[in-house]
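S.K.: Structure in structure tokens, see below.
The values are calculated or read from the model by the stated rules, or taken from the named source; none is laboratory data. This one's a predicted model, so the numbers in the text were calculated from it and none came from an experiment. Cβ sites come from the backbone with ideal geometry, for glycine too, and all protein chains shown count toward neighbours.
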Amino acid sequence: MTGTERVELEFFHDVLCAWCYALAPRVRRLAEQYPQVRVVHRAFALAPTPESIPAMFGSKEAGKQEILSHWRAANRNDDEHRINADLMASRPFDYPYSMPGLVACKAAELQGGQEAHGAMFDRVQRAHLTECLDITDFEVLRQCAQDVGLDVARWEQDFHAPGTRDEVARDLGRARLYGITGVPTLVVDHTYGLTGAQSYERLEAWLEGVLQQRASRRSAPM
């Protein structure tokens, strides 16, 4: 392990993103192995509005079919193969859009910081990708908040507060500033980025490289 100084690792993700679901447990493992790493969860909206899916794919039906092909590919990448494309294909509701789930996670963060954001993100993703529930349904999100141990009344108040959407918008603006166009994406030191559901070994090698770059800058002559 190279270096012991604090590392802020920004994890840009969307609740809809099957590849983010595959990567998230590896990011948690990385933070456990490197105690100096602090994971900061950042919202990224692949489908910001209900109109996003038909706008991107031509129709709701075509969008769902194409997205589920990505689910199947991501499931092969997922270490525990938790992604249930066949179950989602059988569901009668429209494929969800991003914002309700992202706001739900940000409301959790307002209550319990980054740990609560991460727990809520994982629970909403499980509801979406494994249980194949409609995560635009407020009652589904409310149950997720209860499941991760949040004060549900406070979470509900924060969910509906306009300022919570402003917090999501700030994350989206940060992604634009970095030039991020897809997720999952990891950023350290506002510079070093890694995109995609990389293996744990690749994550570890990347982080070691970042730490080595830091060490080189410190040792460089002034």
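S.K.: Is it true that Ala22 is in contact with an Asp or Glu (Cβ under 6 Å, 6 or more places away or on another chain) and in contact (Cβ under 8 Å) with a residue 24 or more places away in the chain?
M.R.: Details: in contact with an Asp or Glu (Cβ under 6 Å, 6 or more places away or on another chain): yes; in contact (Cβ under 8 Å) with a residue 24 or more places away in the chain: yes.
Answer is yes for this residue.
S.K.: For the range 36-50, check the following and say yes or no: at least one residue is on the phi < 0 side of the Ramachandran plot, among the aromatic types (Phe, Trp, Tyr) and out of contact with any Phe, Trp or Tyr (no Cβ under 6 Å at 6 or more places or on another chain).
M.R.: As a first pass, look at the range 36-50 and keep what is on the phi < 0 side of the Ramachandran plot: 36-50.
Retained after the next criterion (residues that are among the aromatic types (Phe, Trp, Tyr)): 44.
Filter again for out of contact with any Phe, Trp or Tyr (no Cβ under 6 Å at 6 or more places or on another chain), leaving none.
There is no residue in the range 36-50 that is on the phi < 0 side of the Ramachandran plot, among the aromatic types (Phe, Trp, Tyr) and out of contact with any Phe, Trp or Tyr (no Cβ under 6 Å at 6 or more places or on another chain).
S.K.: Continuing with this model, one more query. Taking the range 22-59 as the region of interest, how many residues are more than 22 Å from Glu167 (Cα to Cα) and either of a type outside the set (Asp, Glu) or within 15 Å of the chain's Cα centre (by Cα) (or both)?
M.R.: Qualifying residue count, the range 22-59: 21.
S.K.: Looking only at the range 175-222, count how many residues are within 30 Å of Asn75 (Cβ to Cβ), surrounded by 15 or more Cβ atoms within 10 Å (Cβ to Cβ) and aliphatic (A, V, I, L, M).
M.R.: Residues meeting the conditions: 11.
S.K.: Another one. Could you say which residue among Cys132, Cys20 is modelled with pLDDT of 95 or more, in contact with a strand residue (DSSP E or B) (Cβ under 8 Å, 6 or more places away or on another chain) and either of a type in the set (Val, Ile, Thr) or crowded, with 18+ Cβ neighbours inside 10 Å (or both)?
M.R.: Values: Cys132 fails: in contact with a strand residue (DSSP E or B) (Cβ under 8 Å, 6 or more places away or on another chain).
That would be Cys20, the only listed residue that is modelled with pLDDT of 95 or more, in contact with a strand residue (DSSP E or B) (Cβ under 8 Å, 6 or more places away or on another chain) and either of a type in the set (Val, Ile, Thr) or crowded, with 18+ Cβ neighbours inside 10 Å (or both).
S.K.: Another question about this same structure. Select from the range 94-129 the residues that are surrounded by fewer than 20 Cβ atoms within 10 Å (Cβ to Cβ) and without any contact (Cβ under 8 Å) to a residue 24 or more places away in the chain and write down the one among them that is farthest from the chain's Cα centre (by Cα).
M.R.: Among residues in the range 94-129 that are surrounded by fewer than 20 Cβ atoms within 10 Å (Cβ to Cβ) and without any contact (Cβ under 8 Å) to a residue 24 or more places away in the chain, the one farthest from the chain's Cα centre (by Cα) is Gly113.
S.K.: Continuing with the same structure: Please specify each residue of the range 182-212 satisfying the condition of being in a loop (DSSP other than H, G, I, E, B), modelled with pLDDT of 95 or more and out of contact with any Cys (no Cβ under 7 Å at 6 or more places or on another chain). Don't jump to the end; show me each part of the working.
M.R.: Taking the range 182-212 and keeping what is in a loop (DSSP other than H, G, I, E, B), we get 182-184, 189-191, 196-199.
Within this subset, residues satisfying the condition of being modelled with pLDDT of 95 or more are 182-184, 196-199.
Selection gives Gly182, Gly196, Ala197, Gln198, Ser199.
S.K.: Continuing with this model, one more query. Could you pull out the residue among Arg126, Arg176 that is part of a helix (DSSP H, G or I), among the charged types (D, E, K, R) and farther than 25 Å from Leu30 by Cβ?
M.R.: Arg176
S.K.: Within the range 155-168, count every residue that is surrounded by 14 or more Cβ atoms within 10 Å (Cβ to Cβ) and either in a helix (DSSP H, G or I) or in contact with a Pro (Cβ under 6 Å, 6 or more places away or on another chain) (or both).
M.R.: Applying the first criterion (surrounded by 14 or more Cβ atoms within 10 Å (Cβ to Cβ)) to the range 155-168 yields 155-159, 161, 164-165, 167-168.
Going one step further and asking which of them are either in a helix (DSSP H, G or I) or in contact with a Pro (Cβ under 6 Å, 6 or more places away or on another chain) (or both), we end up with 155-159, 164-165, 167-168.
Residues in the range 155-168 being surrounded by 14 or more Cβ atoms within 10 Å (Cβ to Cβ) and either in a helix (DSSP H, G or I) or in contact with a Pro (Cβ under 6 Å, 6 or more places away or on another chain) (or both): 9 in total.
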